[in-house]
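Inspection log for the structure reproduced underneath, given as structure tokens.
The values are calculated or read from the model by the stated rules, or taken from the named source; none is laboratory data. Keep in mind that what you see is a predicted model, and the values were worked out from it rather than measured. Cβ placement follows ideal geometry from the backbone for every residue including glycine, while neighbour counts extend to all protein chains displayed. Surface accessibility is based on the protein's heavy atoms, side chains included, excluding ligands, DNA and RNA. Shrake-Rupley method; radii C 1.70, N 1.55, O 1.52, S 1.80 Å.
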Amino acid sequence: MINIGNMRLEKSVEEKYTIIKLLEEKLDSRISPELKGEFINLNAQGSRNIILNLENVKYVDSSGLSAILTANRLCGTSGGILVICHINSHVEKLIKISHLESVLNILPTQDEAVQEVFMAEIENEISNDAETL
């Protein structure tokens, strides 16, 4: 477990992706600046694929959504993807109300999220190979 300011999380850095598992019940204005900062640091260190596990999160507000959208933009700009997993019904409702379900990659489980990252990496390699031909 890592503490960053008020935020508690688990972080696992793998070769192709980084998993961030929030150990908080609320992703709100109290911790969203720290989470946004963590996403920026990961991106600066070369992590372009991030899996955000929200298994413990019961509530997200607009500042939490903003942090998630920042991660989505950073990953996309660097040629990677953000995949969110284990969201509860409240968080899912907020995402739908905000019309973000078509913008964000959301999958039920962390295993599926990892597979999505590997599929995106394969697609990137194929398109890069096609461009060099």
The longest stretch of the chain containing none of the GluC sites (Glu not before Pro) that sit in a DSSP loop with at most 16 other Cβ atoms within 10 Å is 56-100
Candidates Lys96, Lys36, Lys21; GNM for the chain (alpha-carbon contacts under 10 Å) flags as most fluctuating Lys96
For Ile4, other-chain or 5+-apart residues with amide H closer than 5 Å (H placed, Pro excluded) are Leu9
With the 8 Å Cα cutoff and a minimum separation of six or more residues, the chain has a relative contact order in percent of 21
Scoring region 55-133 by relative contact order with C-alpha pairs under 8 Å, at least six apart, yields a percentage of 31
Note, Val57: beta-carbon cut-off 12 Å, +1 each Lys/Arg, -1 each Asp/Glu, net -2
Averaging 1/r across every pair of distinct alpha carbons in the chain and inverting yields a Kirkwood hydrodynamic radius, in angstrom, of 14.9
Largest fluctuation, Ile122, Ile50, Ile95 only, Gaussian network model of the chain with Cα springs under 10 angstrom, belongs to Ile122
If each part is reduced to its alpha-carbon centroid, region 6-23 and region 90-131 end up apart, in Å, by 17
The local net charge around Leu22, scoring Lys/Arg +1 and Asp/Glu -1 for residues other than Leu22 whose Cβ lies under 15 Å from its Cβ, equals -1
Taking Ser63, Ser89 and ranking on accessible area (1.4 Å, protein atoms only), highest first, one gets Ser89, Ser63
The chain, Gaussian network, Cα under 10 Å: of Ser98, Ser29, Ser66, the residue fluctuating most is Ser98
The size of the Cβ-based charge dipole (Lys, Arg +1; Asp, Glu -1) of region 7-133 about the Cα centre, to the nearest 20 debye, is 600
